[in-house]
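Note sheet for the following structure.
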Amino acid sequence: MGEMIKTGESGLVSALHGEGGLVIPKPFEHDIMLFETHVAGTMHVPGIEELEPQLEIGERLSFYREPNNPYDEKAIVVKTASGTKIGYVPRKDNVVFARLMDAGKMLFGRIKEKELDNGWVKITMEILLHE
């Protein structure tokens with residue numbers, strides 16, 4: 001079997017087999033923005049009005065599947081970095097994302113906008129796939 005070595009600052013990896021070598025790109029990770037939507041159900045979160053000032057634009061949101069949810073078997077819970085539940089991915093948008101998560105893909109959200117309007121906290125988020 002050949003030996004793998006990094007070739008300079010280019011990020012390429014060389015697989016050496018004897019005298020010559022085959023240069024292949026180094027594997028990389030990145031986030032892919034898939035969709036923009038809002039966080040559903042914020043009006044049902046106790047203390048959401050007090051939590052709103054702590055939510056930052058650009059903040060990462062964690063997603064957790066809730067397949068035993070009695071109202072939606074494709075439910076995806078949205079939580080802050082500290083683990084506070086702030087709502088759900090909207091039911092009308094969650095089927096494909098639930099399937100991706102069930103297949104082991106890592107999805108997460110990022111707060112794009114937020115607004116407090118007469119006791120209702122509207123949070124717009126992006127849904128991203130980490131690859």
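The values are calculated or read from the model by the stated rules, or taken from the named source; none is laboratory data. Just so we're clear, the structure is a prediction, and the values are computed from it rather than from any experiment. Quick note on the areas: whole protein, heavy atoms, side chains included, nothing else; ligands and nucleic acids left out. Shrake-Rupley method; radii C 1.70, N 1.55, O 1.52, S 1.80 Å.
Any idea of M106's accessible area? Nearest 10 Å², probe 1.4 Å.
Here the residue's solvent-accessible area equals roughly 90 Å².
At 1.4 Å probe size, with no ligands or nucleic acids counted, give the accessible surface of F28 in Å², nearest ten.
Its accessible surface works out to 150 Å², give or take rounding.
Within the stretch 49-131, what whole-number % of the accessible surface is contributed by carbon and sulfur, with the 1.4 Å probe and all protein chains included in the calculation?
Working: 2290 of 4730 Å².
Exposed carbon and sulfur together represent 48 percent of the surface.
With the other protein chains left in place, how much accessible area per residue, in square angstrom, belongs to the stretch 19-131 at a 1.4 angstrom probe? Numbers along the way, then the final one.
Values: 7000 Å² over 113 residues.
For the stretch 19-131, the solvent-accessible area averages 62 Å² per residue.
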